[in-house]
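Input: a single structure, listed below in structure tokens.
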Amino acid sequence: MALTLLLAGRTWVLAVQEAPAEATAEAATWRWFAPPTVATPGDNPAARMIIYEGAQPANLDAWTLIKPDDQGWLPAARGAYLAAQVYLDQPRVMMLQASGNSAAYINGHPRLGDHTLPVFLRKGENILLVRAGGTRVRAVLSPPSADAFFNPADPTMPDGVAGQPLDAWAALPVINATTDTVKDLAIRVQGPGMQTTVTSVTPIAPLSVYKARLHVRSQGLLAQGPIPLTLELVRLAGATATTVATSAITLEVVKPGDPYRRTFISHIDDSVQYFAVRPAIGGPAARPPALTLALHGAGVEAIGLARAYAPNAWMTLVAPTNRRPYGFNWEDWGRLDALEVLELAQAEFRHDPTRVYLTGHSMGGHGTWILGTLYPDRFAALGPSAAWVSHWSYRGSVLPPPATPFKTLMRRLTYASDPLPLIHNMEHVGIYLLHGGADNNVRPSQAHIMVEALKPFHRNWVYHEEPNAGHWWSDERGDGGATCLTWPAKLDFLARNALPRSDMVQHVRFTTPSPGVAPRSFWVTVEQQQRMMDYSTVDLHRRVNQHHIMGTTNNVKRLSLDVRDLVGDQPVTIELDAQTLDPVALPQPEGKIHLSRGVDGNWTLVGPVSPGEKNARRYGPIKDALRHRLLLVYGTAGSDEENQWALTRARLDAERFWFSGNAALEVIADVAFDATTTRDRDVILYGHGQMNTAWTPLLSGSPVQVSRSKVTIGNRTLDGDDLACMFLRPRPDSDTACVFAMTGTGELGMRLANELQWFYPFGPYPDVYVAQASRQSLQGQDRLAGFFGMDWSVERGEFVWDAPVPTPAPEHAPPPATP
């Protein structure tokens, strides 16, 4: 007995029935993934299936069969696998709409879960494998409507303001439902009262989705109300434009003073992002309003947060998006999004530069702690509401001490996610903590953690716990918005605080987990660390009129002091870590003193950090350095299997970042890569040195080299075709950009590399990471992790090598199941 997939009409919904003896060409089988009743000791069936069987189960006859309900839903347990056999009479591209799954594999090739994506199905048998993300899973197959077409479900749109012109960017996903790269596409936008615009679309990789930008421009002043826009996807051939697909979106035009969405082009990936604005209205013309950066909670749109605030005259409120309603928990690229928006808002909106505030609710409260502790010289006061502290405290857990040197090094990569050890950075920042006493989503104990940490040293904080209030609450005491956001006492507290000028700050106590994340507080900049990604602390005092700076440091290799605030032109005396340096003449015109600590522990006067060394603009590790218009380059010079892996993994990363970060990553083949036209862009290379032709111009000088069956790091080598490797290097033709290699040494290594995810929050990977395939883990067994030295060398770096892993059998055959 078997189960078949019924393919009815032009939309094929997975359903199960008893198969006839002669299965037709359009039939499929769904079966639960379940480990053998008695598993081989030490064997992980999921790891064996994904890595050793290539996500194509070797013995579906042994699987448990299960029937979907009338809507096609199959019951599942979180993390369990379901498989289907799909038989076709000819090869074709289909749209796979999978729901409830966290991952999918099409004939062994991984794709993003819980989305509608184009897939290629070959003639005959195809294996579809999905991993359940919840308690049920469904899949639908349907033919694509065209070779290329819009996905109207995920627009990024600006809002117009009545009585004003509009010239802005928007974005909408475009799907390439072919097995070739689609080029020469453009998007034409038309609408009543709008100027017709045509915007070129970046070439789209085979069977992929790209969120393309489009131009929205009015012919004159806008009138309030919705404006229907018609979109045409056109193919350009010389002077001819042929319409390929159409869609429609709506431009909202709000009245002046109402919240609105403002779009911009992110420097991270050239994608269109937005932030929401609640403008100050009716305030005194003589006094600029304050500027408040407001961070939303999980699942909340930025425009929804702005609308939850009542109109006011004293502040302009801007709400960044975290790149998605869930996004990155205001860490990683969510943190960078908030900083981008803050800089745009400070440049665009008239405001008092001493009255810049930061607030947020729930996940946004966590973001308030993250940004407030990392960047204490940017905000006069913080207003966290219903805030959780860290992922571990939110779950009510405590991280155990690392058990091995390997885990100790990897733990340091999480330090930027915990604001508690950085709390002294906010000594001069006003803080108003607000929490509902009956909040069972984020319990008040989270606020109590920060209160107890503030008590010993801080002198300007208030904690209010509202009795009987839950997570989101509003009552008559608010000003028309949600009271948990607009609590009058909190807003009054914010308004009373002002950010001091740098020349008014005589004491800086600052701790940073990394100069690549947060290098500066007022006039002190940590430029390099002795131990990368470990806490670095400075505690410095200065006497402006006496030109005297003294204090201590910990885990600081290079330091710069901005002395432009010092009065007079006499030399500067510096006492640092019990060492008195010779008087230093005031530097001109930069106005900074640069100091370096030698291996003997002594400080010496030096020049600025060389761009070729690690610095705040290019420091690592992997994620923190990939923020300059990312470009994904897949190899085509290897075997068919290697080339297919490179394209598949590049496409998967683009899908993941689109899903998590509203991104628009350009994916190109190595033969299309041009170093001269992409200079200063971060590049991710997929494939080792023998299969990606962009490797030689970008990584030929790297001390890490990867080829078939070999990874070399300095003078040490790891052998085997089951190694997955990723590492970061400075791009040799740029002072700011990086190259990130993602690869494997063979078929098993590349399958393992597919499971290493770094486009998600808290995914810690250092400068170099190597894992080896293991039947015990989908992530394999750690072999190497480490940081390059400040000169990007292996010799001056810090690396932890794990114990050797036994080499699998040559055929990489799974162990036999126990009868």
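The values are calculated or read from the model by the stated rules, or taken from the named source; none is laboratory data. Model, not experiment: these values are computed from the prediction. So basically every Cβ, Gly included, is an ideal-geometry build from the backbone, and we count neighbours across all protein chains shown. Protein only, heavy atoms only, side chains kept; ligands, DNA and RNA dropped before computing areas. Shrake-Rupley method; radii C 1.70, N 1.55, O 1.52, S 1.80 Å.
Numbers below:
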quantity	calculated
Every residue from the range 758-784 that is of a type in the set (Lys, Arg) and either modelled with pLDDT of 90 or more or part of a strand (DSSP E or B) (or both)	Arg783
Enumerated strands (runs of 3 or more DSSP E) restricted to the range 626-740, each holding at least 2 residues that are among the charged types (D, E, K, R) and either open to solvent by 10 Å² or more (accessible area, probe 1.4 Å) or in contact with a helix residue (DSSP H, G or I) (Cβ under 9 Å, 6 or more places away or on another chain) (or both)	716-719
Filtered residue count, the range 551-591, keeping only those that are open to solvent by 50 Å² or more (accessible area, probe 1.4 Å), more than 19 Å from His507 (Cβ to Cβ) and not in a loop (DSSP other than H, G, I, E, B)	1
Close pairs from the range 665-686: first at pLDDT 95 or above, partner open to solvent by 30 Å² or more (accessible area, probe 1.4 Å) and among the small types (Gly, Ala, Ser), Cβ under 8 Å, at least 6 apart	Asp670/Ala637
Residue that is least open to solvent (accessible area, probe 1.4 Å) [pool: residues in the range 438-458 that are assigned to a loop (DSSP other than H, G, I, E, B) and more than 18 Å from Gly364 (Cβ to Cβ)]	His458
Answer from Ala223, Ala276, Ala248 - the residue that is assigned to a loop (DSSP other than H, G, I, E, B) and of a type outside the set (Val, Ile, Thr)	Ala223
Looking only at the range 785-802, and only at residues there that are of a type outside the set (A, V, I, L, M, F, W, C) and in a loop (DSSP other than H, G, I, E, B), the one that is farthest from Ala737 (Cα to Cα)	Asp802
Residue in the range 396-406 that is in contact with a helix residue (DSSP H, G or I) (Cβ under 9 Å, 6 or more places away or on another chain) and touching a residue at least 12 places away in the same chain (Cβ under 8 Å) present	yes
Single residue of Ala290, Ala308 found to be of a type in the set (Gly, Ala, Ser), under 16 Å from Ala381 (Cβ atoms) and buried (at least 17 other Cβ atoms within 10 Å of the Cβ)	Ala290
Number of positions in the range 161-208 that are farther than 29 Å from Ala669 by Cβ, loosely packed, with under 14 Cβ neighbours inside 10 Å and under 29 Å from the mean Cα position of the chain (by Cα)	1
Residues of the range 87-140 that turn out to be over 25 Å from Ala58 (Cβ atoms), part of a strand (DSSP E or B) and of a type in the set (Gly, Ala, Ser), as a count	1
Candidates Phe406, Phe379 - the one that is over 20 Å from Gly436 (Cβ atoms) and open to solvent by 10 Å² or more (accessible area, probe 1.4 Å)	Phe406
Residue in the range 519-539 that is in contact with a Gly (Cβ under 9 Å, 6 or more places away or on another chain), on the phi < 0 side of the Ramachandran plot and open to solvent by 10 Å² or more (accessible area, probe 1.4 Å) present	yes
All positions within the range 144-165 that are closer than 21 Å to Asp270 by Cα and assigned to a loop (DSSP other than H, G, I, E, B)	Asn151, Pro152, Ala153, Asp154, Pro155, Met157, Pro158, Asp159
Residue within the range 705-713 that is basic (Lys, Arg) and touching a residue at least 60 places away in the same chain (Cβ under 8 Å) present	no
Filter result (within 23 Å of Ala741 (Cβ to Cβ) and assigned to a loop (DSSP other than H, G, I, E, B)) within the range 603-615	Pro611, Gly612, Glu613, Lys614
Pair list, Cβ under 7 Å, 6 or more apart: the range 346-368 residue under 18 Å from His428 (Cβ atoms) and in contact (Cβ under 8 Å) with a residue 60 or more places away in the chain, other residue assigned to a loop (DSSP other than H, G, I, E, B) and open to solvent by 50 Å² or more (accessible area, probe 1.4 Å)	Thr354/Ala498; Arg355/Ala498; Val356/Arg378
Count of residues meeting criterion [free of Cβ contacts under 8 Å to residues at least 40 places away in the same chain and surrounded by 17 or more Cβ atoms within 10 Å (Cβ to Cβ)] in the range 61-113	7
Those residues of the range 345-354 which are surrounded by fewer than 20 Cβ atoms within 10 Å (Cβ to Cβ) and either of a type outside the set (A, V, I, L, M) or under 16 Å from Phe379 (Cβ atoms) (or both), in sequence order	Gln346, Glu348, Phe349, Arg350, His351, Asp352, Pro353, Thr354
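This table checks each residue for (1) aliphatic (A, V, I, L, M); (2) modelled with pLDDT of 95 or more; (3) within 21 Å of Ser660 (Cβ to Cβ).
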{"site": "Gln346", "(1), (2), (3)": "no, yes, no"}
{"site": "His366", "(1), (2), (3)": "no, yes, yes"}
{"site": "Trp369", "(1), (2), (3)": "no, yes, no"}
{"site": "Val398", "(1), (2), (3)": "yes, no, no"}
{"site": "Thr404", "(1), (2), (3)": "no, no, no"}
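Residues are listed down the side, and each one gets a yes or a no for (1) surrounded by 17 or more Cβ atoms within 10 Å (Cβ to Cβ); (2) within 18 Å of Leu665 (Cβ to Cβ); (3) at pLDDT 95 or above:
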| residue | (1), (2), (3) |
| --- | --- |
| Tyr210 | yes, yes, yes |
| Ala241 | no, no, no |
| Arg262 | yes, no, yes |
| Arg278 | yes, no, yes |
